[in-house]
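The values are calculated or read from the model by the stated rules, or taken from the named source; none is laboratory data. Being a predicted model, the structure only gives us computed values, none of them experimental. We place every Cβ from the backbone using ideal geometry, glycine too, and count neighbours over all the protein chains shown.
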Amino acid sequence: MKKRKERIDRGIKARSSDIFALCSWKEMLYLSGPRLLPIIGFLLLPPFLGGYWQRVMLSVAVFALLAISWDILAQSGMVSLGQALFFGMGAYSAGVLNHYLGLSPFVTIPAAAILGALICTILLLPVLRLRGIYFSMVTLIIPIMLVRIIEASKIFGGTEGLSGLSSLPSRWVELYVAVIALLCALFGFRRMLASDFGLVLRGLNDSDRSVTNAGINIYRIKIQALLLSSAIGAFAGALMTHVYMFVGMPVFALDYSILPIAAAVVGGPGTLAGATLGACLLVPLSEVLRGIGGLRIVFYGLFLVIFIVALPEGIFHFIQRRYHQFDRWVEVDK
Amino acid sequence: MFAGTVIYAVINSIILMLMALGFNLTFGISGIANFAYGALYIFSAYTSWILLHLLGLPYPLSVLLSILFTAFLGALMYRLVLLRVRGQVLSEVIATFGMGLAILELFRYLGFVGFEYTLPVFVDKSFFILGTFVDMQRIMIVLISTAIIAALWIFTHHTSLGLAFRGIAQDERTALTFGMDSDWIATLSVSLGAALAAVAATVIIPLGSISVGEGYDVLIKALAVCIIGGLGSTGGLVVAAFVIGFAERLTDTYIGSHWTMTVSLAAILIVLVVKPSGFFGKQKELEERI
């Protein structure tokens, strides 16, 4: 006798999907619980952590921001393999503004987010006409070549980089700036993707021909998506510059391109929450695995492959499904 | 002096062409952008080294075995991983990139770093051509590349398997109706691309040493040549290799060796602005690129 798995929405999901959800605490909690969990977790956890794990949390937030920035681009049909470009541009913008103009970090970080985003967008402008892997190829190449250019032209400190930059007032400020930025980006951009603009963005991914047919200028939309995404990446880079009080060629390193992609793929592409969840899992995992050194990157590579093949929807979608639905075995009709 | 620059520019161009050939072949036939290409290149070089120095096999045998191993690894990659995500471009790119990363970083972890990891040249000899010394290895590169290009041309135009390759490349569904197994052809194309990477490594590595960083460089160079030439087009590949090769060598001589990579980047960006499909990127130009 053959059986198949049948998935059915939980009763509470059906009840809480309309206005009557407001009648009961249980249903309101069902709706708001998953949203409150990351907010409460990120805001309340830091005081309970030691200095070392606070640093880990900071890098969780930074990589989650990069993963969100990757996910927004991937949503709009642009798969970037060079998130380090955004990160590095932001980092160098902040470093240069701070080192040469002596601006305070509270000015340089927002300024670098905007400046970095503008530079990245202008740099990628000719590439925007390309689709699919052509875009990926160029984004992979650019950060690696920029490293060579900095090395060759010796601008901004050349191979040594710029050190002795000013730091943020305390590590609490560093951590909470990162965490609050992450929460704002996560919920803000989730809202954006649910709006009409987000619909157009996802339309670009599905079929940009159809979007063109609807009378929408896809290049304009792509530029906007790129600007938003690179601003997030540049913000993360600018913040890390002031945390390390140093900016140099390592900001274009492959780590900043790979880990965000790994986080988004493991967590589940398409919902920014998946990217955040992926960063929350992978970054602490990589800290635990620090003992095995270079083997970590091997594991990232294998993680990517395994998740792409075995669980392409990612962990977040899996959890989401279990939360909303239950399944049971039923007989297959003859 | 100038003649010497030109000779070395030609050789440099041919090296670039050889590096990009396998990547371009795989993409042209099966549409898979093999981002593990640089890793396969390095894999074959280290395999030759291990067979040669640790197992003490003769040089020609170890080279032959390493090319076979690499081709097998390519086929394995397709059958185990790529087959399951075939057609989803994003997944293919991430999966191949992940595999390449794992292979390269595994070698780095195992401690294959240093200048002692080199392969011997085939014949230790050099010639005096037009006022410059050119060593035998570089001449061999030119000869072998020309032979490979010719062999590939004959293979794809005059053998039934080669014609099947081109059939799949032109229209997969129609090819299927003629009884060509597209999965099998795609496996062969990834495998053949890997074998070409191995041949390139065997011929080019004796000029320098094997390093993990080289794997990323080869991938970048192959991508640069393919983007400028237009993916899937062999003619474009040759032209692009010569454009980049000459540009690099001329900047090297007249501006400074630090700037060579910059020239390729500038070339890519300019070509993309002027002609997004590359020099000869005719294949599926409208659908895929813009």
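When each of B:Ser30, B:Ser66 is tested for being within 14 Å of another protein chain (Cβ to nearest Cβ), in contact with a Ser or Thr (Cβ under 6 Å, 6 or more places away or on another chain), crowded, with 19+ Cβ neighbours inside 10 Å and touching a residue at least 24 places away in the same chain (Cβ under 8 Å), the lone residue that passes is B:Ser30.
The set of residues from the range B:250-290 being farther than 25 Å from B:Thr5 by Cβ, modelled with pLDDT of 70 or more and more than 7 Å from every other protein chain (Cβ to nearest Cβ) comprises B:Val274, B:Lys275. Of the residues B:Val113, B:Val63, the single one that is β-branched (Val, Ile, Thr), over 24 Å from B:Ala186 (Cα atoms) and within 19 Å of the chain's Cα centre (by Cα) is B:Val63. Can you name the residue in the range A:82-93 that is over 13 Å from the mean Cα position of the chain (by Cα) and not aromatic (Phe, Trp, Tyr) and is also farthest from A:Met240 (Cα to Cα) among such residues? Per the stated criteria, the residue is A:Leu85.
Scanning the range B:48-81 for residues that are farther than 16 Å from B:Ala102 by Cβ and either touching a Lys or Arg at 6+ places or on another chain (Cβ under 7 Å) or β-branched (Val, Ile, Thr) (or both) yields B:Ile50, B:Val63, B:Ile67.
Taking the range A:199-229 as the range and being without any contact (Cβ under 8 Å) to a residue 24 or more places away in the chain and buried (at least 16 other Cβ atoms within 10 Å of the Cβ) as the test, the residues that pass are A:Val200, A:Gly203, A:Val211, A:Ile218. Any chance you could count how many residues in the range A:128-168 are farther than 13 Å from A:Tyr92 by Cβ, without any contact (Cβ under 8 Å) to a residue 40 or more places away in the chain and either assigned to a loop (DSSP other than H, G, I, E, B) or not assigned by TED's automatic domain parsing to the domain that holds A:Asp208 (or both)? So the answer is 2. Counting the residues of the range A:268-303 that are at positive phi and without any contact (Cβ under 8 Å) to a residue 24 or more places away in the chain gives 1. Taking the conditions (1) within 23 Å of B:Gly100 (Cβ to Cβ); (2) over 10 Å from the mean Cα position of the chain (by Cα) in turn, A:Ile261 satisfies each one other than (2). Out of the range A:112-127, which residues are more than 20 Å from the chain's Cα centre (by Cα) and touching a residue at least 40 places away in the same chain (Cβ under 8 Å)? Of everything in the range A:112-127, just one residue is more than 20 Å from the chain's Cα centre (by Cα) and touching a residue at least 40 places away in the same chain (Cβ under 8 Å), namely A:Leu125. Of the residues making up the range A:286-299, at least one is aliphatic (A, V, I, L, M), under 30 Å from A:Ser170 (Cα atoms) and outside the structural domain of A:Gly95 (by TED's automatic domain parsing). Residues in the range B:69-86 that are touching a residue at least 24 places away in the same chain (Cβ under 8 Å) and of a type outside the set (Phe, Trp, Tyr): B:Thr70, B:Ala71, B:Leu73, B:Gly74, B:Ala75, B:Met77, B:Arg79, B:Leu82, B:Leu83, B:Arg86.
Residues are listed down the side, and each one gets a yes or a no for (1) within 20 Å of the chain's Cα centre (by Cα); (2) within 13 Å of chain B (Cβ to nearest Cβ):
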site: A:Val247; (1), (2): no, no
site: A:Val251; (1), (2): yes, no
site: A:Tyr256; (1), (2): yes, no
site: A:Leu289; (1), (2): no, yes
site: A:Val305; (1), (2): yes, yes
site: A:Ala310; (1), (2): no, yes
site: A:Gly314; (1), (2): yes, yes
site: A:Glu331; (1), (2): no, no
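Put simply, of B:Gly230, B:Gly193 the only residue that is over 19 Å from A:Ile142 (Cβ atoms), in contact with a Leu (Cβ under 9 Å, 6 or more places away or on another chain) and at pLDDT below 80 is B:Gly230. There is no residue in the range A:148-163 that is at the interface with another protein chain (Cβ under 10 Å from one of its Cβ atoms), at pLDDT below 85 and either touching a strand residue (DSSP E or B) at 6+ places or on another chain (Cβ under 9 Å) or within 13 Å of B:Leu223 (Cβ to Cβ) (or both). Checking the range B:157-170 against the condition returns a match, with at least one residue being surrounded by fewer than 20 Cβ atoms within 10 Å (Cβ to Cβ) and at pLDDT below 80. When we screen A:Ser32, A:Ser93 for residues that are polar (S, T, N, Q), modelled with pLDDT under 85 and assigned to a helix (DSSP H, G or I), the only hit is A:Ser32.
Among the residues of the range B:107-156, what is the count of those that are among the charged types (D, E, K, R) and either modelled with pLDDT of 85 or more or touching a strand residue (DSSP E or B) at 6+ places or on another chain (Cβ under 6 Å) (or both)? Going through the range B:107-156 one residue at a time, the tally reaches 1. For the structure I just gave you, tell me whether A:Ala234 is in contact with a Cys (Cβ under 9 Å, 6 or more places away or on another chain) and either among the aliphatic types (A, V, I, L, M) or farther than 30 Å from A:Leu36 by Cα (or both). Considered against the rule, which asks whether it is in contact with a Cys (Cβ under 9 Å, 6 or more places away or on another chain) and either among the aliphatic types (A, V, I, L, M) or farther than 30 Å from A:Leu36 by Cα (or both), A:Ala234 comes out as yes.
Matching residues to (1) more than 30 Å from A:Phe87 (Cβ to Cβ); (2) loosely packed, with under 15 Cβ neighbours inside 10 Å:
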| site | (1), (2) |
| --- | --- |
| A:Arg7 | yes, yes |
| A:Gly11 | yes, yes |
| A:Leu31 | yes, no |
| A:Pro34 | no, yes |
| A:Leu37 | no, yes |
| A:Leu43 | no, yes |
| A:Pro46 | no, no |
| A:Val56 | no, no |
| A:Val62 | no, no |
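Among the residues of the range B:177-194, those that are part of a helix (DSSP H, G or I) and either touching an Asp or Glu at 6+ places or on another chain (Cβ under 7 Å) or of a type in the set (Gly, Ala, Ser) (or both) comprise B:Ser182, B:Ala186, B:Ser189, B:Ser191, B:Gly193, B:Ala194. Among the residues examined, A:Phe326 qualifies as in contact (Cβ under 8 Å) with a residue 24 or more places away in the chain, away from chain B (no Cβ under 14 Å) and not in a helix (DSSP H, G or I).
Do the conditions hold for B:Gly111, that is, is it part of a loop (DSSP other than H, G, I, E, B), within 12 Å of chain A (Cβ to nearest Cβ) and under 28 Å from A:Ser257 (Cα atoms)? The answer is yes for B:Gly111. For the range A:121-130, the set of residues classified as within 7 Å of chain B (Cβ to nearest Cβ) and crowded, with 19+ Cβ neighbours inside 10 Å consists of A:Val127, A:Leu130, listed by residue number.
Being closer than 19 Å to B:Phe35 by Cβ, within 14 Å of another protein chain (Cβ to nearest Cβ), surrounded by fewer than 22 Cβ atoms within 10 Å (Cβ to Cβ) and in contact with a helix residue (DSSP H, G or I) (Cβ under 7 Å, 6 or more places away or on another chain) is the requirement here; does B:Leu223 meet it? Judged against the criteria, B:Leu223 is not a match.
When B:Ser160, B:Ser66 are checked against the criterion of being among the hydroxyl-bearing types (Ser, Thr, Tyr) and under 25 Å from A:Leu295 (Cα atoms), a single residue qualifies: B:Ser66.
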